[in-house]
1. Here are the criteria: (1) surrounded by fewer than 19 Cβ atoms within 10 Å (Cβ to Cβ); (2) in contact (Cβ under 8 Å) with a residue 12 or more places away in the chain; (3) at negative phi. Tell me which single one Asp283 does not satisfy.
2. Within segment 626-634, can one find any residue that is farther than 20 Å from Ile724 by Cβ, in contact with a Pro (Cβ under 8 Å, 6 or more places away or on another chain) and in a loop (DSSP other than H, G, I, E, B)?
3. Is at least one residue of segment 96-111 at positive phi and either surrounded by 13 or more Cβ atoms within 10 Å (Cβ to Cβ) or of a type in the set (Lys, Arg) (or both)?
4. Taking Glu345, is it acidic (Asp, Glu) and crowded, with 19+ Cβ neighbours inside 10 Å?
5. Against the conditions (1) in a strand (DSSP E or B); (2) more than 19 Å from Pro575 (Cβ to Cβ), where does Arg999 fall short? Just the number, please.
6. Report whether or not Val947 is out of contact with any strand residue (DSSP E or B) (no Cβ under 9 Å at 6 or more places or on another chain) and touching a residue at least 60 places away in the same chain (Cβ under 8 Å).
7. Identify, from the list Ala828, Ala789, the residue that is buried (at least 21 other Cβ atoms within 10 Å of the Cβ) and modelled with pLDDT of 95 or more.
8. Does Ile961 satisfy the criteria of being in contact (Cβ under 8 Å) with a residue 12 or more places away in the chain, crowded, with 24+ Cβ neighbours inside 10 Å and farther than 27 Å from Asn842 by Cβ?
Amino acid sequence: MKKISDKIKNHAWGCIISVLFFLPVPLLNAQHTYSGYEIRYFSKDTKANGETDFKGETSTLNTDQRIEFLKYYADQVSSYYGDKNLNTEVVSDKEAIDFLKKIKPQPLPEVRERIPLDEWKYLSYRIGQHEESRWELNKYAGAKDLLITDGTLSFQGDTQWKWNFSVQTWRYFLSWKFRAENNANADFSILDNSTGKIFVKIAVNGTSCSYFSNKKKKEAVKCAPEEWHTIKVEADMVKVNGNQRFNLFVNDKLVGNYICANEDVLQSNGFEINASLGIQVDDIYGIGYQQTTEARHPFYPATFIDETFDEAPPVDGWQTDTYNDCKWKSVKLPFAQGSERNRGEDLYFRKKVTLKNFKRAYLNIETLDPGGEVWVNGKMVAFINERYPVRLDVTKFMKPFAENYIALKVTHFYLNPGEGNLMPCSYLDYNPGWFAGRTSLDLVGETFVNDAFFYTQSIEKGKANIHASIDLEHKGTLSFDGKIIVKMAPWDNAANLKTETVVENDVLCGPGIKTLLFDFPLENPKLWTPEIPSLYKVVIEVAKKDGTIIDDYVFTTGIRTVSQEGGTFRLNGKPAMLNGTQIMGFRWPLEKMMTWLRCPPDSWVAKEMLMVRKMNCNMLRVHVHGWKEKAVGVNDARYCELADQMGIMLIFATPAWIREGDWGQVDFDGYHKYMKQLQSHPSIVMWEVSNHPNTFKRHGAHESDLFCEKAYNAVYPYDPSRLISFTSHIGHLHYGNDAGTMDQGGDKIPSREQNEKMAVIGNQDALTNYGTDKELTGNKILPSKAWTAPMVTRGNQDAPTGYGSDWGRLRTWPWAYRQEFLDSKERAYFNFENMESIGQPNWELSKGKPWYHLNSYEWEYDEGSIGRKLQFNEWRESQAWQAFSAYESIKKLRILDYDGFSWCCLHGGANAGTYQKPVIDFTGHAKLAFHIHKTVYQPVLAGSNNVDIMYGPDDKITPMILNLGEQKMVTLTVVIKDKFKGQEIDKKVYENLFLPEGRTLTEVAPFKPSIANEGLYFIEYLIKQNDKVQ
């Protein structure tokens, strides 16, 4: 056990204003009070002396007692965080939208003309869809009192219409829109055609909407006449307490919560409307969920009705200026399409741009993913077959003083074996979204800046040393003789920009691109940190000899360094931590999940970033993946733009990244192309080349060597300013030590059969067969140069309480292998996916959803960690285990001096909503584990110095304080109560404790509590910072 850490570390976490603002009252009072807590059992049994396990070799608890412990934990800790019922929505849609309004848009140049191409007309179209839609609409022709007008179905008199659909026998949803005149009325019925029974019946008129339950009519909500209203039924045909049930939503508001059906039926396969004159209907859409026998993929979706009453326009000539796009919809880029509903539909976009005179025009497109076409004024400019960022010279295609038509096509995507396989956590839908990124048009002169990358080399007292790389492009036939002028100013004070010239260099270049490399000092810089994320606006001007400015290139960046001197992660030279979580891309609602997998709406990006902030994290690992191999990451600059302004650090994996498989599937040649698009964002502190390719140990150590060399050369030459993670689980590689001189696998290469058997377990430790040895063992090997090269960092997916481990694993952590990396004086060591324990959702919040009362494929972990599988009615105990094990694990790993953590993962949705590791459930509600991070990620955290669960009659408590930041003088008060808001049983006060600066651990004198009665107790550790350090 360390006292004052030999790696004195510091992270001026702060976020006391910007992050801890979100914390509940018990945790924080102003800027100088911190809190920690522990739940412990006090026993008179001498067997409880020493460090006891929750479940394991030294445990004295039986399974029933462990369940009681978790019940107590759930009750007390949920009260502590003010979320007693564990039903708090973390970020509402409105909150996300309001937040986006506060985000500053990226600045535009003043000399060159940059035209943001935000709004487009678009069409989602599959070959033959025009003819199919006309055929579908023909069935209404001649029907009595029915008329299709403006893409809606209008009832012209009292009449009935029914749609038959494929038989549904489990769970499904059906939604539609209606509009009713004052005196109009309609009954909407979901039927069993074989018996005529009505499963769901909804009655509407010009003022209200009612539903029938057990054949009794009940008014649900008022509905204004002459307005469109949306009804959604979530049907559950599984009998609960003897009844089939459904949820009813009107205008996205739940008005019938898991109510009994009108009648129980054997199946649903008909939708019938009985309506009067004055009723209009549109957008009838239904998805059925079909069960499987696979725990990881428990069901798959199948659209059974999709009636829009629109004729799909033909796409012949879509790229020409004469094409009529009046029936196309408007959209703002980026925009995605996907899911089985839209299988095979390409995306078509059109944009009209009126231009004045210009010399050169360049079209910038973030991505056409997975590929597509670019047309200008009816002529093809490019055929795109990669996901890379696109910059096209469209000068000869654009017309000055005229209207110009830009047309884009995005090719649909289907996950066939040639592209990859579904990852274990994916939804059973082989149509992950295809999309177009944001676009802009640059109008420039003959000489202009093509690209620029500035980064901070070092920070000294009162000065930052900046390295600049500028690509100057000259399209003339003779040379350009002029100047490059660099201006910088804090982005919050851009009005002073003209007086902030920092560099003015003469330049002489011929036709082509010339890369200008130079260093310059920036005096008295405002540094970018998570606490104060100061940004700079950079303007690079191109000037003629006479001083005339002919081009300007504008971007924002931050002044900060990232390093790992002394084996410690450092930000701006000061020891720091990356404490956060990661996203996987599986977002609510289920029917949009595959569409938004790799390109969500702006509001979802904001929602995720706010979730990170409210969790008290300073880091997000952008870890999106929908299938195992090839391109599965994202390169979404929106996360960077928000993170820059919010002070959230990013670990970024680009689309070149892979999840698992053979290392050669990484797109090494393309990695830097994605980096270039994001290179100026200070929030990115680490590039991640891969998640955990896992076939190295089936072969010799040369595979690890070659991978590291290839990965390093793909990243470092293009960006030496950020850390590089070759893989988030270095345990898969051969290297058994930090120097790379030991092959942890020795000469025992497991067979393919052994690897496949271990892969079923899912535990990364089991996959690599490492980590529990008391001494380092392995054959000596020659280290790869890349393994120990500058900026290469270390990390694993360490889960001391995950995957069904008993408590003894945490108690004896970290063993020799991890201790070797923790002791490194050259490289940091991160827990890139920590804990890996599950917590059931609050099932009351998911009634009627297709994943309701479906077990996670990881359910069996309960047996190893708790003693038996927790049932659905024990969801609070399940959340308590996840939170309790996470809190204690992170506390211990902080004591061991880890450089950071990434919880896997932020919010649910994987495995069709049954993935239970996320700290936020699929519908956006906080689990107990979400709340505990608000405490365990605090800059100052106090608690006991071990993970002893039961105190025996001879045990003493040794309090410790973890400090991140400046030195402090504090008072520590340890209060033992029978429950959180209960009676105080004992108290111990330690005054005038000195906490050294950095990332330090301070232990104080042990004390023996005076506890008369056996039982569970709530122990609170309160830290008050004194005004002055003596």
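The values are calculated or read from the model by the stated rules, or taken from the named source; none is laboratory data. Just so it is clear, the model here is predicted, and its values are computed rather than measured. Cβ: placed from backbone, ideal geometry, glycine included. Neighbour counts: every protein chain shown.
1. Looking at each condition in turn, Asp283 falls short on (3).
2. Checked against the condition, which is being farther than 20 Å from Ile724 by Cβ, in contact with a Pro (Cβ under 8 Å, 6 or more places away or on another chain) and in a loop (DSSP other than H, G, I, E, B), segment 626-634 yields at least one hit.
3. From segment 96-111, those at positive phi are none; that's our starting set.
No, the conditions are met nowhere in segment 96-111.
4. On the way: acidic (Asp, Glu): yes; crowded, with 19+ Cβ neighbours inside 10 Å: yes.
Against the criterion (acidic (Asp, Glu) and crowded, with 19+ Cβ neighbours inside 10 Å), Glu345 qualifies.
5. With respect to (1) in a strand (DSSP E or B); (2) more than 19 Å from Pro575 (Cβ to Cβ), Arg999 is out only on (2).
6. Numbers: out of contact with any strand residue (DSSP E or B) (no Cβ under 9 Å at 6 or more places or on another chain): yes; touching a residue at least 60 places away in the same chain (Cβ under 8 Å): yes.
Answer is yes for this residue.
7. None of the others qualify; the one that does is Ala828.
8. Spelling it out, Ile961 is indeed in contact (Cβ under 8 Å) with a residue 12 or more places away in the chain, crowded, with 24+ Cβ neighbours inside 10 Å and farther than 27 Å from Asn842 by Cβ.
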